[in-house]
C-alpha cells in the first residue's frame, strides 16, 4: 500500500521518530514521509512509534491507500527531503 | 479532488500560510491540512501561497487525488487539528 506519515512530536523525540520512519519510508519534508509499505511493515512501524511517542503530547497521522498513489505531487519552494541524501 | 497540503515554512510566515490554507481546507495537524477542493480553488490557493512563501527557504507539498480519498487515516497520540475548532 501507499502511505504518507506526518508527525508533530516533542523536540526530544523528533530524531528517534524520524529515524524509525526512515527505516520503512522516504523522507520528503521536515516531518513528512511517504512510500510503498507492506501491511506487515506498517504494523511494525506503528508498534515502534507507539513506544517512542507520548500520547498526550505528540501526534502522528498515518494516511494509507490500498490501490493507488496520489495522482499528483507538487512542491512549492524547496525540496527539503532531498537533503537527506546528502547528510 | 481530495488534497493534502504539508508546509514547512519560516516562523514569520507560518501564521499567514496557515490562515490562507484554512480558507480552503481543514487543519488536521501542526502543518498539515486536508480536504475536498475544486481545481479552481486549488489554483487560487497556490497563487496566494506563492506570494507568501520564500522559495529558497520554505517548502509546501501539495498531494492531490482526482478520484478517491485515502482508504484509511489513523492518528496516534493527539488530534491536534481539533484544537482549531476551539481557538
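The values are calculated or read from the model by the stated rules, or taken from the named source; none is laboratory data. This one's a predicted model, so the numbers in the text were calculated from it and none came from an experiment. All Cβ positions, glycine included, derive from the backbone under ideal geometry; neighbour counts span all protein chains shown.
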### Query
Can you tell me which residues in the stretch A:32-42 are more than 7 Å from chain B (Cβ to nearest Cβ) and either at pLDDT 95 or above or surrounded by 14 or more Cβ atoms within 10 Å (Cβ to Cβ) (or both)?
A:33, A:34, A:35, A:37, A:40, A:41, A:42
### Task
Within the stretch B:1-35, track down each residue that is more than 10 Å from the chain's Cα centre (by Cα) and either within 18 Å of residue B:70 (Cβ to Cβ) or assigned to a helix (DSSP H, G or I) (or both).
B:1, B:2, B:11, B:12, B:13, B:14, B:15, B:16
### Summary
Scanning the stretch A:31-50 residue by residue, the ones that are farther than 15 Å from residue B:78 by Cα and free of Cβ contacts under 8 Å to residues at least 12 places away in the same chain total 3
### Query
Where residues in the stretch A:48-64 are part of a strand (DSSP E or B) and more than 11 Å from the chain's Cα centre (by Cα), which of them is nearest to residue A:6 (Cα to Cα)?
A:59
#### Entry: Residue count for the stretch B:11-29, restricted to those that are surrounded by fewer than 18 Cβ atoms within 10 Å (Cβ to Cβ) and either under 22 Å from residue A:33 (Cβ atoms) or at the interface with another protein chain (Cβ under 9 Å from one of its Cβ atoms) (or both)
3
### Task
May I ask you to verify whether residue B:55 is free of Cβ contacts under 8 Å to residues at least 60 places away in the same chain, within 7 Å of another protein chain (Cβ to nearest Cβ) and farther than 25 Å from residue A:63 by Cα?
yes
